[in-house]
Every structure is written in C-alpha cells, then in structure tokens.
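S.K.: The structure is given below, and queries will be raised subsequently.
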Amino acid sequence: MVPQRPEVAPRRTRLRPFNRILVNMLLDGSVAAAAAPLARWLAAPRDGLLHPLWFLASGAITLIVSGLPFRMPQQYWRFSGISDLLGIAGASVASAALFTLGLLATGYPLPSPTFPVIYALTLVLMLGGLRAGYRLTSGISRRNTSQRKVVLVGADQVADIFLRAIDRNSASGVRVTGLIGQGTHQAGRRIHNVPILGHVTDIAALLDGMARRNALPQSLVITDPNFRGEGLGRVLSAAEAHGIEVMRAPVLTTLTPAERVELRPVAIEDLLNRPQVPLDRAGMERLIRDRIVLVTGAGGTIGSELVRQIAGFMPKHLVLLDHGEFALWQIDVELGERVPHVPRSIVVADVRDAERINGVFAEYRPALVFHAAALKHVPIVEQNPCEGLLTNIDGTRIVADAAQHHAARAMVVISTDKAVNPSSLMGASKRAAEMYCQALDIASRASGRADAMRCVTVRFGNVLGSTGSVVPLFRRQLERGGPLTVTHPEMRRYFMTVPEAVGLVLQATVRGGDAAGFAHDFVRDQVSGVEPERSAGTDALLRDGGIFVLDMGKPVKIVDLARQIIRLAGLRPDEDVAIRFTGLRPGEKLFEELFHGREAPVPTDAPGLLIATPRVVDQSEVSAAVDRIAVLAHAGDAAGAIAALKMLVPEFDHNATGEARSSVTDAAQDREKLVS
C-alpha cells in the first residue's frame, strides 16, 4: 500500500503573497523612476524633463534596494498608517543618498546642491500619496447605499477604537456620520474626519437639528460600555421621539479591535445607574475555600447564582438543596460544564421537613449555610397563606436549628425589602424569619463560645430577570405584541442585577464573619497574624442583631421600566405597544422600603453595604410565636396563623384587598398609629 502524501496547499495559494510583494516592488520602482526626473527638474527647471533611461532605472533600483530594510514591499496598502509612512520616509532618505552617491561616482553632475533633499521629499510625497489614495479609494468603493448610517454616543477614546474597527471591516455595513461625546468643548472637532456634534446631555436638541436637516441616522450606537443609568435613559427618550433605534457596540480594545463589529441591543440592566462596587474577593475565597458549603433554594434565581459564585472559590464540597427536581437538574448540568472539578451533591428536600433537613446536615456537616429557599411571589403567598408561613418562617427556623445543632460555623439568611413595614404575608413572614435569626445570632454571640454559630441576615430588593419578576413578564408580553400590564402608575421598586446582589451577599458574609470572628478562625492557619479591618460601630450593631442591607440605589417606577423595555425593542410606548394598568393585587403596596422608621441606616466599611439599626425580640418570645404560627398553619387555620403573625410583627399592616396608598407619608403615618 502506497502511503498517502500529506496534503499541501495549492501552488497558486502559496505564490499569492510573493506575487503581491513583486507587485509592490514594481509599483514602488515605477514611482521612484518617475520621481527621479521630477526631482531633477524641481532642482534645476532649466534642464527640462527628458533624461536617459539609465537615470530612471537608477531611481527605481536605488529605492527598491533602500526599501528592503524598511520592509516596504511587505506593506499592506489598504491598512497604511503612521508606521508605514515612517518606513517610506526612511527608505526615501536612503534612496536619495544612494542615488546621489551613484551620480557622484559616475561623474554625473548634480543638478543642484539641494537635489538629494528635493529627491527624498519627492519620493515621500509620491509614495505616501499613492498609498493614501489607494486607501481612500478602497474606502469609498466599500461604501454603498445599503450601509446603515449611525451616530456614535460615548467617550472619544472608545469612539476612536470603534472607527478603526469599522475601517478595518469592509463588510460591516455601517457608516458613521457623527459623534456625540461625553467631554466638554469637543463640538466642531473631528475624529477620523467624523464630526463631533455636541455633548450627550444635549442629545435631544442635536437630534432635532438633524431632523430639520434631514440628516437623522438610522441608529444611535453606544460605544462606552460604562454609559448607563439616567444618561442612557435620556438617549433612549430622545431616540424614541425620532423613531431611531439605540444599539450598543461590542467591547473593543486597541489590542483586539475585532474582525467583525456586531452591534447588539441595549440590555435593560444598563438602565440601572449603579457603579461597580469593589468586592473583597480575597476575603470570599478565604471564607469558602476548602469548606463544605450548603445552599438551600439552590435552583432558584438567587440560590443558583450563589452556587455559581461560590463554586468559583473552590469549596471542599458544595451541597445543592432544593425541593424542585427540574431546577436542581438545570444548575447541576451547568456546574458540570463550568466547574466539573468542584465536588457537589444534589439533595431534593423540603426545608419544612425537619427530619429530612437534620439528616442532610448530619450527613454533610456544612461549615457555611446559605438559606435562599423561600416562597417569594406575593400574590401566590396571599392565596396560600399556610404554605407561605410554613416555608418562610418554620422552614427558616428548621434550617437554622439544624445548622446550629450540627456545628455549622455560620448561616446566611436571604431576606427582602418586603419585610420592612410589610403589607403582605410574604413580607411579614420574611420579617418573622429575620427576627428569629436575629435572636439566634444574639444568643450565639452572648454565649461566648468560639465555635457558636453566627447568623448573618442580608436584606435587598428586587433583582432583574429573576423567576416571576416583572422584566421576564414584560418581555413575554412584548413578544406577543402587548399590552404590557402594570398594576399602578405610581408603583416603585428597588432593582439590582442578580450577580451584583449575590456578590454583595458574599461581601456581607465576609464582613459579618469578620465581625463575629469566625472568618478569621477559618483562615488563621493560612493568614497568620492578619486581622481584617473592622469598624467598631459596625461590630457593635452586628452583636446587637443588626441586619445587612444592600445599597439598592434609587427606586424605579415600574411604568418607566415598561416604557424603557418597549423603547429598547425599537418601538414607541402607547403607540406601537400599549401599557395597561390592572390595579394593585392583594398584599402589594406602591413602594418598598429598605429600612423601618426605627431602623436608621448605618454605613459600613464595606462598599455597597449598610446596616439596619437593630429591632430585636427575646429569643424565647420569638420561638414561642413561631411555634404558635407553625401549629396553626399545619392545622390549616390561616386566620389564626395570620393573627399570631401580627402579634409577632406589630408593624404588619395587611393589605389583603390591594388598596393603593396615596403616598409614602400617609402609609408611614398609618403604620406609626398602628404600632403605637
């Protein structure tokens, strides 16, 4: 059997680069041959332009020889730049010198003493002009009427990179007609011959002016990846008035400008004006690495993101607990693809099953527990009160007691802003869970035992895109053509992204652990003698049952969020897609609060984290109340369980009919009367 020869590239393909180099040399030589008599005429006009062929050939040969060290034959004319021009200048000077020496060596008189300088400058102008003309011609030839006219919005440095990427990509289908910058005193200047039209704060007036001149672009392209929040909302509103879509450019760098420049829609998360909070990732790793970590509600939005981020810190073993089989399967498959080296166990269990939960803790004995399991949808808990109370209150107690009994070092409880001045059963049940964990933590700290479990509670608002939240609902309604349904025009909510919320939860865990001392115990053998920076005031509040509250920024009106989602789809609210108000549902309120009136917020030394001044109840009292609620809920006595819950949470003002409060002040005054 004759062995097969390895496949080789066709000869034509192999010769193509060499042929292009020969073409470059031929063109450059021809230009030099023409430049030699032209330079002689400029130096001595009286001698005319007729010269012997050897004079032209000498000019060509000297340039070709001089251009080799400067790699002129390898230059790519369509991408000619400053470095290529410098190479041309060097080769021109060398060629002029070599040509002059040749003339002197053969006894041919120089036309004038300035001939070498004139010849070098002539070569630079003709060779550089040839390349610039080719690049300009090729750029014009790539333009056609099908190209999309866009105006860039963003910082000038990023716009420069984007314009370079567009220039390199002949098939981009994009033609930039203007720039709207973020710097001052830039209007009237140009970047790559594209005019800067003005400042982004004046975008409405700028678009109005373009409309009067019939010069509106088809799209506005956001080039700055950090441009978001109110500024982005202003751009969307101005674009909507003229029927212009808003897109976002890919993230480009001077090192990797990308072969293809693909524009993408603006994400709804970009409308949150939230600066990036620096996280103590080193502290998180010290806390989690080589520890057994258990996450309840691991299949939910927050729980699954907790699992993702925790897995990145290399725990010894990761236990995923949820009562939903499909949700667990999804996150298990994802972890198997992303971090297959992290050992994990999948546990199907209900947090309300005390015997099952105790068995799980006895088997795995986790050092760190994140409790994210809960019923969180307000209307569903209103319709199923006993189930909600048993899951959110009794389930939390069962997990906390099991963690303490089986020597967990810390438990982190995920709470909600709906627990503040609650009007729903969901919010009141989460407040009761907060109270139980606060009391448990105070008792643990008071015991003085070094191995006593610490309980850290973290409270925050809505997360964009979470299961059952308003954003996925709006997107589904938009796909069907609308209308988008909003309960009330004055409805406001706090929002943050899921990764950001979970990152701050881990930050709170590190901070709470430092204050309690257990984080330092975890890493004493790794970081001997290193004490974390701590605030004495923060530590005192935590010892008294303080709750971490994530800095959620400003609340967002839901109707504004709906309008922005419509705009991001390139449509017009109330014209292309209707918005319909359906009225408050049972348990809902127009606004959410992060702090009770008696929980003055206190800043911490960790960015993005606040502490609510403690309002606590004695552990025996809250335990007895939770016992009563659990017994009544198990018996199906919803009215009795709710009455017991109101005794435990006196600020609970149940809005069972979905009545809309007229203002925040009115609601606060009503609650103060109720509490007093």
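S.K.: Among what's in the stretch 172-204 and is part of a helix (DSSP H, G or I) and touching a residue at least 40 places away in the same chain (Cβ under 8 Å), pick the residue that is farthest from the chain's Cα centre (by Cα).
M.R.: Here the residue is Ile203.
S.K.: Cβ contacts < 7 Å: first residue in contact (Cβ under 8 Å) with a residue 60 or more places away in the chain, restricted to the stretch 54-70; second residue among the charged types (D, E, K, R) and crowded, with 18+ Cβ neighbours inside 10 Å, any location; separation 6+ or different chain. Result?
M.R.: Leu63/Asp28
S.K.: Can you confirm whether the stretch 170-192 contains a residue that is at pLDDT below 80, among the β-branched types (Val, Ile, Thr), closer than 25 Å to Arg567 by Cα and out of contact with any Leu (no Cβ under 7 Å at 6 or more places or on another chain)?
M.R.: yes
S.K.: Can you name the condition, by its number, that Glu434 falls short on among (1) without any contact (Cβ under 8 Å) to a residue 40 or more places away in the chain; (2) part of a helix (DSSP H, G or I)?
M.R.: (1)
S.K.: Then there's this: Restricting to the stretch 303-337, name every residue that is more than 18 Å from Pro366 (Cβ to Cβ) and either of a type in the set (Val, Ile, Thr) or not assigned by TED's automatic domain parsing to the domain that holds Phe495 (or both).
M.R.: Val333, the sole residue that qualifies.
S.K.: Got at least one residue in the stretch 36-55 being basic (Lys, Arg), out of contact with any helix residue (DSSP H, G or I) (no Cβ under 8 Å at 6 or more places or on another chain) and modelled with pLDDT under 80?
M.R.: Looking for residues that are basic (Lys, Arg), out of contact with any helix residue (DSSP H, G or I) (no Cβ under 8 Å at 6 or more places or on another chain) and modelled with pLDDT under 80, one finds at least one in the stretch 36-55, hence yes.
S.K.: May I pose another question? Against the conditions (1) in contact with a Gly (Cβ under 8 Å, 6 or more places away or on another chain); (2) at pLDDT 75 or above; (3) charged (D, E, K, R), where does Asp156 fall short? Just the number, please.
M.R.: The one condition Asp156 does not meet is (2).
S.K.: What is the one condition in (1) in contact with a Phe, Trp or Tyr (Cβ under 6 Å, 6 or more places away or on another chain); (2) modelled with pLDDT of 80 or more that Leu609 does not satisfy?
M.R.: (2)
S.K.: Mind checking which pairs have a first residue in the stretch 446-467 that is modelled with pLDDT under 75 and a second that is not in a helix (DSSP H, G or I), Cβ under 7 Å, 6 or more apart or different chains?
M.R.: Listed pairs, sorted by first residue: Asp451/Ala407; Leu464/Phe495; Leu464/Thr497; Thr467/Gly300.
S.K.: Can Pro195 be described as at pLDDT below 80 and closer than 18 Å to Ala159 by Cβ?
M.R.: Considered against the rule, which asks whether it is at pLDDT below 80 and closer than 18 Å to Ala159 by Cβ, Pro195 comes out as no.
S.K.: Okay, moving on. Test Gly597 against the stated conditions and say whether it is surrounded by fewer than 19 Cβ atoms within 10 Å (Cβ to Cβ), in a helix (DSSP H, G or I) and modelled with pLDDT under 75.
M.R.: no
S.K.: Of all the residues that make up the stretch 364-392, how many are among the basic types (Lys, Arg) and touching a Phe, Trp or Tyr at 6+ places or on another chain (Cβ under 9 Å)?
M.R.: Number satisfying all stated conditions: 0.
S.K.: Only one of these is modelled with pLDDT of 85 or more, among the small types (Gly, Ala, Ser) and out of contact with any strand residue (DSSP E or B) (no Cβ under 9 Å at 6 or more places or on another chain): Ala428, Ala433. Name it.
M.R.: Answer to the check: Ala428.
S.K.: With the condition kept exactly as written, say whether any residue in the stretch 57-68 is within 25 Å of Leu110 (Cβ to Cβ), at pLDDT below 70 and touching a Leu at 6+ places or on another chain (Cβ under 8 Å).
M.R.: no
S.K.: Additional query: Please enumerate the residues belonging to the stretch 114-153 that are more than 27 Å from Gly87 (Cβ to Cβ) and either of a type in the set (S, T, N, Q) or at pLDDT 75 or above (or both).
M.R.: Once the filter is applied, which keeps residues that are more than 27 Å from Gly87 (Cβ to Cβ) and either of a type in the set (S, T, N, Q) or at pLDDT 75 or above (or both), the stretch 114-153 yields Asn144, Thr145, Ser146, Gln147, Arg148, Lys149, Val150, Val151, Leu152, Val153.
S.K.: Across the stretch 183-207, what is the number of residues that are among the polar types (S, T, N, Q) and in contact with a strand residue (DSSP E or B) (Cβ under 8 Å, 6 or more places away or on another chain)?
M.R.: Number of matching residues: 2.
S.K.: Now, a different point. Take the residues of the stretch 69-85 that are closer than 18 Å to Gly129 by Cβ and not in a helix (DSSP H, G or I): which is modelled with the highest pLDDT?
M.R.: Phe70
S.K.: Can you report the number of residues in the stretch 364-376 which are touching a Ser or Thr at 6+ places or on another chain (Cβ under 9 Å) and surrounded by fewer than 23 Cβ atoms within 10 Å (Cβ to Cβ)?
M.R.: The total comes to 2.
S.K.: OK, next. Would you check which residues across the stretch 205-225 are farther than 20 Å from Arg164 by Cα and either without any contact (Cβ under 8 Å) to a residue 12 or more places away in the chain or surrounded by fewer than 21 Cβ atoms within 10 Å (Cβ to Cβ) (or both) and list them?
M.R.: Selection gives Ala205, Leu206, Asp208, Gly209, Met210, Ala211, Arg212, Arg213, Asn214, Ala215, Leu216, Gln218.
S.K.: Could you check the stretch 306-355 and list, in sequence order, the residues that are surrounded by fewer than 15 Cβ atoms within 10 Å (Cβ to Cβ) and in a helix (DSSP H, G or I)?
M.R.: If the condition is that a residue be surrounded by fewer than 15 Cβ atoms within 10 Å (Cβ to Cβ) and in a helix (DSSP H, G or I), then Glu325, Phe326, Trp329, Gln330, Val333, Glu334, Gly336, Glu337, Arg338, Glu355 are the ones that fit.
The values are calculated or read from the model by the stated rules, or taken from the named source; none is laboratory data. Computed from a predicted model, the values in this text were never measured in an experiment. Cβ coordinates were reconstructed from backbone atoms using ideal geometry, including for glycine residues, and neighbour counts include every protein chain displayed.
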